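J.: The structure's right below; bear with me while I get my questions together.
The values are calculated or read from the model by the stated rules, or taken from the named source; none is laboratory data. In this text the structure is predicted, and so the values were computed from the model without any measurement. Note: ideal-geometry Cβ built from the backbone for every residue, glycine included; neighbour counts use all protein chains shown. To get the accessible areas, we keep the full protein, side chains included, count just its heavy atoms, and leave off ligands, DNA and RNA. Shrake-Rupley method; radii C 1.70, N 1.55, O 1.52, S 1.80 Å.
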Amino acid sequence: MTILEKKIDAIARSLLANDTTDRNAALGELAVLMEKPENTAQDVDSIIRKLLLELGVPEHILGSRYLVKAIREVVEDESKTKTTIKCVYSAVAEAFDTTWRRTERAIRHGIELAWDRGDIDVLNKYFGGTISPVKGKPTNSEFIARCANIVRAKL
């Protein structure tokens with residue numbers, strides 16, 4: 001279910017509720033949704049690419065393209081981070097005609113490059129309190145989930 005579908009579902013449930021306060025709030029949300037056009041996949045991809053560049057993931061590497069797809073998958077369906085990141089890798093691998101292991105490695109390489117070459121202030125801005133100082137860089141799933149949350153906030 002897309003973000004828009006989830007919002008519409010929540011609004012519909014509120015409209016069916018017996019509480020008039022919930023109904024009025026739902027009608028207000030519906031009015032806002034009708035004014036704001038849904039972001040297309042290209043818009044979301046553009047936001048993700050800009051974020052990755054800001055974090056220091058080089059655009060020319062394969063991991064960058066895989067990260068865009070992986071983050072979009074999680075933005076569209078948050079439950080994918082709760083189950084296993086392997087389902088995200090599988091979706092990315094299928095889209096790029098490769099294996100999930102190669103996908104995982106390319107993504108890890110992109111994150112390593114960002115942590116080695118990226119701007120420390122930007123990395124701290126987005127990941128400051130969410131990663132272990134002992135381990136250094138975040139895991140692939142931590143990185144993807146955090147980026148997905150940042151993208152959701154920008155939508």
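J.: Taking R0 as 30 Å, what FRET efficiency do you get between Ala10 and Lys154 from their Cβ-Cβ distance, rounded to the nearest 0.05?
T.: The formula returns an efficiency of 0.90 here.
J.: Ignoring ligands, DNA and RNA, what percent of the 1.4 Å accessible area of the range 66-155 is carbon and sulfur?
T.: 48
J.: For every other residue with a beta carbon closer than 13 angstrom to the beta carbon of Tyr89, add +1 if it is Lys or Arg and -1 if Asp or Glu, then tell me the sum. Working shown, then result.
T.: Numbers: positive: Lys69, Lys80, Lys86, Arg101, Arg102, Arg105, Arg108; negative: Glu73, Glu94, Glu104.
My count for the surroundings of Tyr89 gives +4.
J.: Ignoring everything but the protein chains, give the 1.4 Å probe accessible area of Cys87 in square angstrom, nearest 10.
T.: 50
J.: Filter the cross-link list Lys86/Lys135; Lys86/Lys125; Lys7/Lys86 down to pairs whose alpha-carbon distance in this structure exceeds 25 Å.
T.: With Cα atoms farther than 25 Å apart: Lys86/Lys125; Lys7/Lys86.
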